[in-house]
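We did not get these values from a lab; they are worked out from the coordinates using the rules stated. Quantities reported herein were computed from a predicted structural model and do not represent experimental measurements. In this analysis, Cβ positions are derived from the backbone assuming ideal geometry, glycine residues included, and neighbour counts consider all displayed protein chains.
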Amino acid sequence: MSNTALAERLTIALGLDIRPIGLTFTDTPPDGVASPDRAVPSACGFWRLAEQSVFYAPAEAHNNCPIGAMVMGFPLTDALQAQLGELVTSMCDCSYLSPEEGDKIPGVRPSAAGILYGPLTDLAVDPQLVLIWLTPRQAMLYNEAAGTANWAAGAILSTGRPACAALPSALSSGAPTISWGCMGMRTFTEIPDDRLLAAVPGHSLGRECAAASRAARSDRHDFSLRVVGRASQR
């Protein structure tokens, strides 16, 4: 199934109102794909730009956010490592992070020289990751589609700060993840407060789309039964 068909199926099943985007870690951009025409203050800033067009962001384009660059697996210069150390120290000083967390934050392994971003509908290559913005209701269906609403199964992998940690978590586990976000993400992406971030490994996207469609049909059927049941009790 094409990326366009997968995006349309996912959008319909979950009732999405923000385009899902795809990411592929690659050393060279496809022919004809440009780099972004402006800098972003954080790695997650590229996610919103990717809703609009396909582009290739080299590793250094992520350097305005040392934590994001680290999480994306990019090598850090000595200067960036020093900035990262100062940032983590200040986060610990204000109790945003605890000291033992620093080296536990996941990163993409192995990484590449950059990332190809774009709307899932427009990507000409298979994405390694698909990112989706979800309302609580959409997250409910996403959880059911992932199979983690089942009490006999394991819970979905959920993450907090930094929000970008959901990406390497999805890649390393091979399973869908969901993030509650972080203040940096909400500030720099300007995403509404009622949205959560979901990350789906590209290899499982077809399966997740089919499962999301089943979950949506099941929920509509359950709702119809409840409405009919209440009406019969009147």
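Summarising the label geometry, the points placed 7 Å from Cα in the beta-carbon direction at Ser173 and Asp27 lie 3.1 nm from one another.
Normalising the Debye intensity of the range 5-136 to I(0), with uniform scatterers on Cα atoms only, and taking log10 at q = 0.11, 0.17, 0.20 Å⁻¹ returns -0.45, -0.94, -1.15.
Equivalent-ellipsoid semi-axes for the range 84-142 (Cα gyration tensor, √(5λ), whole Å, largest first): 31, 20, 10.
Summing charges over all other residues whose Cβ lies under 15 Å from the Cβ of Val54, with Lys and Arg as +1 and Asp and Glu as -1, gives -3.
How big is the shadow of the Cα convex hull of the chain, averaged over all directions, in nm²? Provide the component values of the computation, followed by the final result.
Numbers: hull surface 59.8 nm².
About 14.9 nm², averaged over all directions.
Over the Cα atoms of the range 106-200, each weighted equally, I'd like the Debye log10 I(q)/I(0) at q = 0.12, 0.18, 0.21, 0.22 Å⁻¹, rounded to two decimals. Scattering profile of the range 106-200, log10 relative to I(0): -0.40, -0.90, -1.18, -1.26. Cα centroids of the range 119-135 and the range 167-218: 10 Å apart. Helix-only arithmetic for the chain: the sum of -39500 (n - 2.57) across DSSP H runs with n ≥ 4, divided by the residue total, places the mean residue ellipticity at 222 nm at -12000 deg cm²/dmol.
Please report the net charge: other residues with Cβ closer than 12 Å to the Cβ of Asn143, K and R +1, D and E -1.
Values: positive: Arg137; negative: Glu144, Glu208, Asp219.
It works out to a net charge of -2.
Over all directions, what mean area does the Cα convex hull of the range 1-73 project, stated in square nanometres?
Numbers: hull surface 23.6 nm².
For the range 1-73, the mean projected area of the Cα convex hull comes to 5.9 nm².
For Leu129, the residues whose modelled amide H falls within less than 5 Å of its own, excluding neighbours fewer than 5 places apart on the same chain, are Leu23, Gly202.
Rounded to the nearest whole Hz, the Karplus-based 3J(HN,Hα) values (6.51 cos²θ - 1.76 cosθ + 1.60, θ = phi - 60°) of the range 76-88 follow the sequence 9, 5, 4, 5, 5, 4, 5, 4, 4, x, 5, 5, 5, with x at glycine and proline.
On average, how much area does the Cα convex hull of the range 53-104 cover when viewed from any direction, in nm²? All intermediate terms of the calculation are to be shown ahead of the outcome.
On the way: hull surface 17.5 nm².
In nm², the orientation-averaged hull projection of the range 53-104 is 4.4.
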